[in-house]
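The values are calculated or read from the model by the stated rules, or taken from the named source; none is laboratory data. This is a predicted model, so every value here is computed, not measured. Glycine gets a Cβ as well: all are built from the backbone with ideal geometry, and neighbour counts include every protein chain shown.
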Amino acid sequence: MSRLSIPLISTDDAWAHLKQLISPLPTESLALSDAMDCYLADTLSSDRDLPPQDRAASDGYAILCEDTHHGPTVLKVIDETAHLTPGTCLRVITGNPTPLGCSAVVPEKDIDITDDTILIKEPILRSSHILKQAHFSKKGTPLLEVGKQLKTGHLGLCAAIGHTSIPVVRRPKVAIISYGQNLVDCAAKPDKYQLREMNGTMFKAALSHALYEVTTIDLVSEDPVALKQSVTDAMRDADAILVTGGMSAEQSRLLPTVITQLGGTIYYDGINIKPGQRQLLAKVNEQILFGLPGSSIGGLVGLHEFVLPALRLLSGCSYKECIPSIRLPLMRTVQVGGTREHRILVKLQNTKYGPGLIPLSFTSSSDLVSASKADGAARIEYGRTSVAAGQYVDFRPWGSGNFSNHCSTIGDQYVGANG
C-alpha cells in the first residue's frame, strides 16, 4: 500500500486530494419523474420553436389592429370556426393559438362587451398581447447544459421540448459502517457503559434526504477482522464507504490497518479543523472511503464539509457548487484558537436587517443536544482568534429546513449546491 501520512493537513489540501480522486460516475437514462435533483450528463436542445406558433398572452379578443386606428371601434364577435375579417373579432383565452389574420389581442378588461359586439376606445398596436412564435427559444437552441442540477422547472422544460427520458450522472450508492466499542443499536436498551449508535442514523437520514441510496448500515465492534469483513462487503455494491467512529489517536490504527490489508491508499488521516480533526480519506479498489470521528459534532462537520460535497462531485456537480455557502453576519462575538480552522455551530435568526447567525456554545464535540439546535456551521479561517459581532462569515447550512425559510431575504448572496 502507498500511504501518504500527512497529520493535520489543511482543509484546502484535503480538498485537493478529493478533487484529484473523484470524477463523476457513469451516466444513465432516467424518466423525468425519477430525475429530480440529478445532474444532467448531456446538453438538451428544443425540438421545436417555443411557443410553436403565435399565442394569446391575455384573455380577450383577437382583432385586426388596423380596425382601431380611426377612433373608437365596434367589432362584431364571430364564431370560433370563422376567420378574422375587417370589422370582426374572436374570443381567445390566454395560451391559445391566435386565429388566422390576427395582428393583436385586446384584453377583455380594456373593452366594453355586449352580446355580440365589443367597443374598443383606444388604438391597439400591432402584436399587442401576442406571444410570438419562438419568443422563448428557436428550434435547436441548447436550453439545459451539462452539469445542471435538475429541479422542478427544468423537468417541466424537458417535457416541453420533447425529452421524456434524459441522460444523467448516476447517483452514488453509499455504505455506512458504525465502528466502536460498547455501541448498541439505537432501538436497544443500553447498559450504563454502552452507547446507542447515532451517527449512522444521522448520516443515513442526511444521505437519503439528498437522494443517495444507502446500501447498508453495519454496526461493528472494535475488531479488525469484523471491520475488514464489513468494508469488504460494502465494496461489492457501494461507490463510497463511510466509516464513523474509531478515529481517536489510540484507536485510529485499526482502520488504516484494514485499508492496508485490502490494498488501499490513504491520502490523509487528520485535518487541521476543529471540531472534526480526526478524519481519513482513502481509496480501496475503486471505492472512496471516508473515516469520520465518532463524536456527533465532529462527525457532522466531516459529513457536511467533505462527504456530502464529495458525493455531489460523484453525482456530476461542479466543484464550485458542491459546498453550499452564504455570507451572513454573526450576531455575537466569538473567540477561537488561531492554530486551526474552526467551525462554530450557529442558529439562523431573522432581524429587521435580514438573517443573521447566533453562535451556539457546546461543551464537547459529542454534545448532540447543542448540535440538534444548529442550522449549520460558520467557518472561521485558520489564524483568526476572534470574529466581532456584525462581521460576515461563511455559513454552511446543514440541511434545507430552516435555511429555506430565510431564502427570500438572503437573495443572491447564496452560493453552492441544494443544501
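Is it the case that G153 is at pLDDT below 95 and either of a type in the set (G, A, S) or under 30 Å from V74 (Cβ atoms) (or both)? So that I can check it myself, show each step before the final result.
Values: at pLDDT below 95: no; either of a type in the set (G, A, S) or under 30 Å from V74 (Cβ atoms) (or both): yes.
Against the criterion (at pLDDT below 95 and either of a type in the set (G, A, S) or under 30 Å from V74 (Cβ atoms) (or both)), G153 does not qualify.
Listed here are the strands (runs of 3 or more DSSP E) enclosed by the range 1-88 that have at least 1 residues being of a type in the set (S, T, N, Q), on the phi < 0 side of the Ramachandran plot and in contact (Cβ under 8 Å) with a residue 60 or more places away in the chain: 27-31. For the range 327-361, taking the residues that are in a strand (DSSP E or B) and in contact with a His (Cβ under 6 Å, 6 or more places away or on another chain), the one that is farthest from K274 (Cα to Cα) is identified as P355. The set of residues in the range 239-260 that are assigned to a loop (DSSP other than H, G, I, E, B) and in contact with a Lys or Arg (Cβ under 8 Å, 6 or more places away or on another chain) comprises D239, M247, S248, A249, S252. For the range 126-167, residues that are at negative phi, assigned to a loop (DSSP other than H, G, I, E, B) and loosely packed, with under 14 Cβ neighbours inside 10 Å total 7.
From E80, E122, grab the single residue that is surrounded by fewer than 20 Cβ atoms within 10 Å (Cβ to Cβ) and either touching a Ser or Thr at 6+ places or on another chain (Cβ under 9 Å) or of a type in the set (V, I, T) (or both). Exactly one residue qualifies, and that residue is E122.
Anything in the range 221-245 that is surrounded by fewer than 21 Cβ atoms within 10 Å (Cβ to Cβ) and of a type outside the set (D, E)? List them, or say none. Matches in the range 221-245: S221, P224, V225, A226, K228, Q229, T232, M235, R236.
Residue-level check: of (1) exposed (fewer than 14 other Cβ atoms within 10 Å of the Cβ); (2) at pLDDT 90 or above, K192 misses just (2).
Can you name every residue in the range 282-294 that is at negative phi and surrounded by fewer than 24 Cβ atoms within 10 Å (Cβ to Cβ)? Write out each step before concluding.
Residues of the range 282-294 that are at negative phi, as a first pass: 282-284, 286-294.
Those that are at negative phi and surrounded by fewer than 24 Cβ atoms within 10 Å (Cβ to Cβ): K283, V284, E286, Q287, F290.
Between a residue in the range 123-145 that is modelled with pLDDT of 95 or more and any residue that is in a loop (DSSP other than H, G, I, E, B) and β-branched (V, I, T), which pairs come within a Cβ distance under 7 Å, given they are 6 or more apart or on different chains? Listed by first residue and then by second, the contacts come to I130/T98; P142/T43; L143/I161; L144/T43; E145/T43.
Of all the residues in the range 305-324, those that are at pLDDT 95 or above, within 23 Å of Y392 (Cβ to Cβ) and touching a strand residue (DSSP E or B) at 6+ places or on another chain (Cβ under 9 Å) number 1.
Residue-level check: of (1) within 50 Å of the chain's Cα centre (by Cα); (2) assigned to a loop (DSSP other than H, G, I, E, B); (3) closer than 25 Å to P52 by Cβ, P123 misses just (3). Quick check: anything in the range 369-381 at pLDDT 95 or above, part of a loop (DSSP other than H, G, I, E, B), out of contact with any helix residue (DSSP H, G or I) (no Cβ under 9 Å at 6 or more places or on another chain) and among the small types (G, A, S)? Within the range 369-381, not a single residue is at pLDDT 95 or above, part of a loop (DSSP other than H, G, I, E, B), out of contact with any helix residue (DSSP H, G or I) (no Cβ under 9 Å at 6 or more places or on another chain) and among the small types (G, A, S).
Would you confirm whether any residue within the range 99-107 is free of Cβ contacts under 8 Å to residues at least 40 places away in the same chain and on the phi > 0 side of the Ramachandran plot? Full working, then the answer.
Of all residues in the range 99-107, those free of Cβ contacts under 8 Å to residues at least 40 places away in the same chain come to 99-101.
From what's left, on the phi > 0 side of the Ramachandran plot: 101.
Yes - at least one qualifying residue is present in the range 99-107.
Screening V225 on (1) farther than 23 Å from Q181 by Cα; (2) without any contact (Cβ under 8 Å) to a residue 40 or more places away in the chain shows it passes everything except condition (1).
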